[in-house]
Amino acid sequence: MRSIVKELGEVRLVGFRVLCPGEKYVEEIPKAAMRLKERTEEIRNALQPSQQIGAFVVEESSPEEDGYWIGLQVSEFSNIPSDMTTLTIPPHRYATILHQGPNDQIRNSYEELHKWINEKGYTRSTQSWNLEIYENQNPLDVRVELYDAILSEEE
């Protein structure tokens with residue numbers, strides 16, 4: 001797998017927040033993703049309705065940042081379903097890697113990405129939002145691009 005650095009502008013998400021004990025995320029995120037898929041047509045202004053985006057902060061600095069969000073990227077927020085939430089992620093720089101395989105193996109891809117970040121002399125930004133952009137949500141053979149926030153030279 002090949003890692004590269006990408007810059008992303010602001011990302012607006014509409015979807016669900018998953019909040020559970022750490023070991024349960026591997027079970028609860030696919031459930032939330034399925035719920036989101038079933039309700040895609042309720043989300044207005046979706047940029048790519050078939051592409052789900054997960055977001056989380058490694059070392060959250062407040063209870064509002066705790067958990068995992070799974071949503072669709074929208075151009076603007078409007079008519080949000082009452083049981084869904086919104087999240088705005090500021091522009092950032094990321095190291096990325098593509099993970100293809102079982103979702104319980106994603107940790108291995110993250111380890112490979114973190115090793116690459118260190119080898120290239122970058123610094124992880126553990127208090128910034130990280131993203132997971134899903135092309136395929138099948139838990140047995142997930143295809144997801146992992147975006148790990150890194151500090152830019154100015155930071």
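The values are calculated or read from the model by the stated rules, or taken from the named source; none is laboratory data. In this text the structure is predicted, and so the values were computed from the model without any measurement. A quick note on method: Cβ atoms are made from the backbone with ideal geometry, for glycine too, and the neighbour counts reach across all protein chains shown.
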> Got a sec? Which strands (runs of 3 or more DSSP E) wholly within the range 1-106 have at least 3 residues that are out of contact with any Pro (no Cβ under 6 Å at 6 or more places or on another chain) and crowded, with 20+ Cβ neighbours inside 10 Å?
Replying inline: 11-18, 52-57, 68-73, 92-101
>> Among the residues of the range 1-39, what is the count of those that are under 18 Å from ARG107 (Cα atoms), in contact with a Leu (Cβ under 9 Å, 6 or more places away or on another chain) and either modelled with pLDDT of 95 or more or small (Gly, Ala, Ser) (or both)?
In response: 1
> Any idea which of LEU146, LEU151 is closer than 21 Å to GLY9 by Cα and buried (at least 20 other Cβ atoms within 10 Å of the Cβ)?
Replying inline: LEU146
>> Based on this model, can you work out whether ILE43 counts as over 18 Å from ASP148 (Cα atoms), β-branched (Val, Ile, Thr) and modelled with pLDDT of 95 or more?
In response: yes
>> Just checking, does the range 11-33 include any residue being hydrophobic (A, V, I, L, M, F, W, C), closer than 25 Å to SER125 by Cβ and more than 16 Å from the chain's Cα centre (by Cα)?
In response: yes
> Which of the residues belonging to the range 107-155 are assigned to a helix (DSSP H, G or I) and of a type in the set (S, T, N, Q)?
Replying inline: ASN108, SER109, ASN118
> Among the listed residues TRP116, TRP129, which satisfies the condition of being under 27 Å from PRO63 (Cβ atoms), among the aromatic types (Phe, Trp, Tyr) and in contact with a strand residue (DSSP E or B) (Cβ under 7 Å, 6 or more places away or on another chain)?
Replying inline: TRP129
>> Here's a check for you: in the range 122-143, which residue that is of a type in the set (Val, Ile, Thr) and without any contact (Cβ under 8 Å) to a residue 60 or more places away in the chain is farthest from LEU36 (Cα to Cα)?
In response: THR123
> When you go through (1) of a type in the set (Phe, Trp, Tyr); (2) modelled with pLDDT under 95; (3) touching a Leu at 6+ places or on another chain (Cβ under 6 Å) one by one for TYR147, which number turns out not to apply?
Replying inline: (2)
